[in-house]
Every structure is written in C-alpha cells, then in structure tokens.
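Worksheet for the structure shown next.
Just so you know, all these numbers are worked out from the coordinates, no wet-lab data involved. The structure displayed is predicted, hence computed values, not measured ones. Ideal geometry is used to build each Cβ from the backbone, glycine not excepted, and the neighbour counts take in all protein chains shown.
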Amino acid sequence: MVDISITQQSSCYTFEQLNHSTYKVVQHDSFNDLPFIYVKVYETVLVLVDTGSGPNYCRNPTVQSKNIRPFIEAHLAKNGQLAYSDPEGKTLNKKWLVFITHSHYDHIGGITEFTDDSEIYVSGNDKDYVLHDLGCHSLCCAIGMETPKFEVTHWLQHNERLSYNGVDLGLEALLTPGHTPDEIALYDINEHVLFTGDSLYETIPIYIIDTSDMVEYIKSMEFLLEYIKAKNTELTSLGIRVTTAAGHVTDTADTEILLQEAIDCYWDTLNGKSTLTERIYMRKLNVGIYMNAKRNVGFLCIDEKLEAAIKHFKTNWELPPKPDPETAPSLPSYAVLTD
C-alpha cells in the first residue's frame, strides 16, 4: 500500500503501511542505496528506526520535499497520528524516539532533523566507535558527506526491554555486532517483526567491509537464529512467524528461514563452496562477492576480513586470485539499483 499522494516528482521519499502500527519510508537517494526507514506509532510517542542519507542526497535534486521529518509528519498529521490530548485536554505533538541500527551514513544522514527535541538510542556495545572518528566509521569520509553531529540519549543494552515515560514500546533491543560494532536489531513483540538494519536482507550481498568483523557477525546471526526460533515456537498456536524488516530490500521475509540461509552461505563462503560472482577493487581494497545457489543471500567481503575469519575458524581455504586494480570494476554490478 504505497501512498502516492506525494509522488517522487515532489518528494525524495515514499510512505507505505507495513503493519497495524508501523510504516515504511523509502528514500530515493542519489547513492541508489534506497534505505528503508521505519516509523512506529504509539498513543503518545513515535519511534523512528534510522533516518536515511539526509536531505542533500535526493536522487532527484529538484524535488520540493527533501527533509524526512516534515515528510513523515505530514503523513502522520493527515492520518491524525501526530498529536494527542493530555489529561487536561491540551493537544500535544508526540515525542520522537530515534533508534539507529548502526551509524553508517545512509542510516544517520537525516538525524540532525531530530537532535533538538528527540531521544536518540544507539548500541552500547562499542561507545568509542560512535564517539571517536565517526566520520570514517560512518563512511561519510569515503563519500564526501559532512558527518552528522548528535548526542546519544540512551546507550542500548543487550536484551533490553524498552519503555519511555511509562509507555511500554513493546520493543526489545538486541546487540548484533558484525556488519559494524554498533549494529543492533530490534524485536517488535506485538507485531512479531525483527528490524535488522544491515545485518540481514535478501538479493544483494551483506557488506563485510572496513567497519565489519566477520567473526562477530556469525556469532550475532547464530544468536538471532536461536532467539527467533524460540519466538516462532511461542507463536505456533497463532499460526504466525517472525518477519524481517531490514535496512534495505527486505520488509516481510520469514526471519528464521532467511537467517538460516545467511548462516549457511557464511559457512559455505569460508569453505570455498559459495559462488564467487564478482571480483572488484573498491576504495583500494580487494573485494569478492559470494552468493548462495539461490542467489538470494550472499556477502560482499573485503579479502582481509574474510581471511581473518578463515584463520579464526581454521577452515583451510585459500581465497581466489586478487582482482587487477587496472581492469577490475570499482563497484559491484548491482550498485545502481532500480525501483
């Protein structure tokens, strides 16, 4: 159900209802990352999961609506979901609670629109990663983006059940380092949805790059698989299974199946059994793209990250020859996505 009342001719974003309490916003950005941003509506607060790349990076620079906050608030106001009445009958705008799944540029680029009056939640796993050299850690330096400035209101802890001013958000924070040290997942207890950021999605490979740790990644995914199996068991009598709302591409996939496919592809990659689909030379680094047989799950890995995982797990596989920087492409062939 994509709301096309504000079209791409007038806005950088599209707005779609995902489930009873949640909306999906997609930014049509100049990097063609198409980040997925999620809004959860409560009686007195609003939860935002990630913020996109920011207003300076719209695919169409002539659009009128470039800022994410007024775009979302216009839709919520139209649906009567932006404000509420307090016990004295006063009409108040709802408070924004902003959750960052990880601090890469396409997830924090729009955060400055919320810094004056909103609460900002970030992983407490590696505070230094966020507090020091965020320009490089966010990859803003790599793409020439000015690094957004923000202060963290709350450092999330593993398995933390979240509430705000007496409002139970029905969310559980899960620290899932790997893609980045500050990667999180959020489990929506009421909607049975797992927000995974960039740890898990379909079709395009999961990035294991400068800011990644491939050993930590598999630990996080194996934890998530057991976590989701337990949730699915609890939901069996209802005929419901947990679905995935990722940072890109995926918004309704069966989480348990997708996690198992990602884990299987991970081990196949470390054992030389997955398919090498492309060799590229990206930001002066040797990179391979490895996909499973179905081509629905895979990894884009910097060689040194993959080699470190092979050494750690002693899988005894040697990487294919390095790409030639003179002839190898500098971006993967799917880098320019279409929508």
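If Lys and Arg each add +1 and Asp and Glu each add -1, what is the summed charge of the other residues whose beta carbon sits under 10 Å from the beta carbon of THR44?
Result for the neighbourhood of THR44: 0.
A Gaussian network model of the chain, with springs between Cα atoms under 10 Å, assigns the largest mean-square fluctuation among LYS322, LYS314, LYS94 to LYS314. The simple spin-label model puts a point 7 Å past each Cα toward its Cβ; for SER10 and GLU234 those points are separated by 4.3 nm. Based on the Cβ-Cβ distance from ASP303 to GLU43, what FRET efficiency comes out when R0 is 41 Å, to the nearest 0.05? Efficiency computed from Cβ-Cβ geometry: 0.20. For the chain, the longest principal axis of the Cα atoms and the long axis of helix 214-235 meet at an angle of about 50 degrees. Here is how the number arises for the chain: DSSP H runs of 4 or more residues each give -39500 (n - 2.57), the sum is divided by the residue count, and the result at 222 nm is -6500 deg cm²/dmol.
Tell me, what is the percent relative contact order of the chain, built from C-alpha pairs under 8 Å that lie six or more residues apart? Kindly include the intermediate steps, with their values, before the conclusion.
Working: 705 pairs, mean separation 40.4, N = 339.
About 12 percent, as a whole number.
Between THR115 and GLN157, the distance separating the two model label sites (each 7 Å from Cα on the Cα→Cβ line) works out to 2.8 nm.
Quick one: if the Förster radius is 25 Å, what FRET efficiency do LEU92 and ASP168 give, using the C-beta to C-beta distance and rounding to 0.05?
Values: r = 19 Å, r/R0 = 0.78.
Once the sixth-power term is evaluated, E becomes 0.80.
A Förster radius of 25 Å combined with the Cβ-Cβ distance from THR62 to CYS141 puts the calculated FRET efficiency at roughly 0.35. Mind checking which lysines have their C-alpha under 19 Å from LYS24, skipping anything on the same chain fewer than 8 residues away? Straight-distance partners of LYS24: LYS40, LYS66, LYS78, LYS94, LYS95. Name the most mobile residue of LEU306, LEU131, LEU259, meaning the one with the largest mean-square fluctuation, in a Gaussian network model of the chain with Cα contacts below 10 Å. Largest GNM mean-square fluctuation: LEU131.
Please compute, over every Cα-Cα pair in the chain, the percentage with a separation greater than 34 angstrom. List each step's numbers first, then the result.
Numbers: 13241 of 57291 pairs.
Above the 34 Å cut-off, the chain has 23 percent of its Cα pairs.
Full extension of the chain between ALA328 and LYS78 yields a length gain of 85.0 nm, computed as 0.36 nm times the residue separation minus the alpha carbon distance.
Of the three principal axes defined by the Cα atoms of segment 2-191, the extents in descending order read 48, 42, 28 Å.
Note on LYS149: aspartates and glutamates with a C-alpha under 13 Å away, same-chain residues under 8 apart excluded, are GLU113, ASP116, ASP133. Reported to the nearest whole Å, the Cα centre-to-centre distance from segment 191-231 to segment 262-335 is 17. In this simple spin-label approximation, LEU131 and LYS311 carry label points 7 Å from Cα along the Cα→Cβ vector, and these lie 3.0 nm apart. For a straight C-alpha distance cut-off of 22 angstrom, the lysines reachable from LYS314 (same-chain residues fewer than eight places away being disregarded) are LYS219, LYS273, LYS305, LYS322.
If you add up the charges near GLY178, with Lys and Arg at +1 and Asp and Glu at -1, over every other residue whose beta carbon is less than 10 angstrom from its beta carbon, what do you get? Every neighbour counted, the sum reads -3.
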